[in-house]
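One structure below.
Since every read-out is calculated from the coordinates, none of them should be taken as a lab result. These numbers were taken from a predicted model, which means no experiment stands behind them. Heads up, the Cβs are rebuilt from the backbone with ideal geometry, glycines too, and the neighbour counts pull from every protein chain shown.
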Amino acid sequence: MISALLAGSALDLLLGDPVLPHLPHPVVRMGRAISHLEPALRRRFPRTPRGEEHAGAVLAAVLPLGTLALTGGACRLARKIHPGLEFALQSFWCWRALALRDLSKEGRNVYRCLTEGTLEEARAAVARVVGRDTACLDAEGVTKAAVETLAENFSDGVVAPLFYMLLGGAPLGLVYKAINTMDSMVGYKNERYLHFGRAAAKLDDAANFLPSRLAALAWIWAAGLAGQDAAGALRVWKRDRRRHESPNSAQCESACAGALGIQLAGPASYFGVLHDKPTLGDPLRSVEPEDILRTDRTLHIAAGLALGTGCAFRLLFEVIRS
């Protein structure tokens, strides 16, 4: 399991997520499954709040369980054919479950647009990775959005998949990706998904509860190694980690804000509606584009710490069990 995870992590770091037409990304398949299941389930349940909640609960059960059955069955079949085939399959799926290189690439692209291009190009670049409206963001707003998404997605795109793959191999890692994909597609609190997406959102909160906190601790540790303010990261994390409505999204963001000595979050517009979100951190200095590069450096160090520590604990567990 550890060897496949290390191989998958190396592939992610070296190659990221290249377009492979003949090998569709598992998350793309999950997205297609959700798109087909949603209308089918909505037709089978009453068009009432309770009916929509029941339909959404069925989706929240079917997709993760189906993912586990398919991937677990494929791994067992591969093992029977040859152990090397299972290793290759697990390594491939571990690779596709991680997003470190692509996350870093998107952040650095925003930095290049800010420093070498135009504000319009920077807005378009950051719009690729954030859900908020970006058309009216100034340079500081674009920078903050990029820093926030690097910090927040460190948990979703790196630590949480690692956590579940260390527990149950690539199949459990892909179950997490199924849960996370559901939340990103139907977990909105708007008219369409307020009831239908409730189960998916709650399941995602539960799945990310421990990984998000482990990610924040790794970020604080990494901040010190990156020459940032680890004590400030710990202080702000303790104070601000519960300020967001989600129990998980402010964990790494608050640690990042404290490490950099800047203020993140605050009011943001989504689908034309302004949301008065609380701020994280203290405005000890102005936000600048170089904060994206500082955050990216911490991201890579924290990812290495998470991988190394996780593998060490898994090895210790294997030794104790044997």
Matching residues, region 289-313, being under 14 Å from residue 148 (Cα atoms), crowded, with 21+ Cβ neighbours inside 10 Å and aliphatic (A, V, I, L, M): 292, 299
Quick check on region 195-209. Is at least one of its residues charged (D, E, K, R), over 30 Å from residue 44 (Cβ atoms) and under 19 Å from the mean Cα position of the chain (by Cα)? no
The correct count of residues that are touching a helix residue (DSSP H, G or I) at 6+ places or on another chain (Cβ under 9 Å) and either polar (S, T, N, Q) or buried (at least 19 other Cβ atoms within 10 Å of the Cβ) (or both) in region 185-200 is 7
In the set 108, 101, which member is in contact (Cβ under 8 Å) with a residue 24 or more places away in the chain, of a type in the set (D, E, K, R) and more than 23 Å from residue 262 (Cβ to Cβ)? 101
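Residues are listed down the side, and each one gets a yes or a no for (1) touching a Lys or Arg at 6+ places or on another chain (Cβ under 7 Å); (2) more than 18 Å from residue 95 (Cβ to Cβ); (3) surrounded by 12 or more Cβ atoms within 10 Å (Cβ to Cβ):
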site: 25; (1), (2), (3): yes, no, yes
site: 43; (1), (2), (3): no, yes, no
site: 48; (1), (2), (3): no, yes, no
site: 66; (1), (2), (3): no, yes, yes
Within region 216-253, the count of residues that are in contact with a strand residue (DSSP E or B) (Cβ under 7 Å, 6 or more places away or on another chain) and either within 14 Å of residue 150 (Cβ to Cβ) or surrounded by fewer than 19 Cβ atoms within 10 Å (Cβ to Cβ) (or both) comes to 2
